[in-house]
């Protein structure tokens, strides 16, 4: 699987995780636990920087996973997918 294809799986997963986990203290703890930041650095981040840092950390972690493991994470976090079908296919899907 190409990196572009993998990114198309990672982005919705990260977005789902950011949306579902609103407790920024959890984000801070994870950033510290991974060694990405010290406690002082994490506490100095404003909300936008904290969100961006956490989002980046998740994306980098998921980039290192094999596709099978990534799909397991997607299932675990109940990531929803939207599918755009052509009108002809929509009618066929409705009839089916």
| Extension gain residue 20-residue 82, at 0.36 nm per residue separation less the Cα-Cα distance, in nm? | 20.5 nm
| remark: Helix 3-20: inclination vs the chain longest Cα principal axis, degrees, rounded to 10, gives 70
| Hey, what angle do you get for helix 47-63 against the long axis of the chain, alpha-carbon based, 0 to 90 degrees rounded to 10? | 60
| Relative contact order (%) - criterion: Cα under 8 Å, at least six apart; region: the chain | 41
| remark: Note: residue 68 to residue 44 extended length (0.36 nm per residue) minus current alpha-carbon separation gives 5.0 nm
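Rounded, prolate or oblate: which fits segment 3-95, taking a ≥ b ≥ c as square roots of the Cα gyration tensor eigenvalues, rounded meaning a/c under 1.5, else prolate when a/b beats b/c? The partial results should precede the final answer.
On the way: a/c = 3.10, a/b = 2.28, b/c = 1.36.
Cα axes put segment 3-95 in the prolate bin.
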| said: Taking the 0 to 90 degree range and rounding to the nearest ten, how far is the long axis of helix 24-33 tilted relative to the main principal axis of the chain, both from C-alpha atoms? | reply: 70
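Would you calculate a helix-derived [θ] at 222 nm for the chain, using -39,500 (n - 2.57) for each DSSP H run of n ≥ 4 and dividing by the full residue count, to the nearest 500?
Details: 6 runs with 70 residues, N = 96.
When only DSSP H runs of four or more count, the value is -22500 deg cm²/dmol.
Here, each number is a calculation from the coordinates, and none is a lab measurement. Remember, it's a predicted structure, so these values are computed and weren't measured experimentally.
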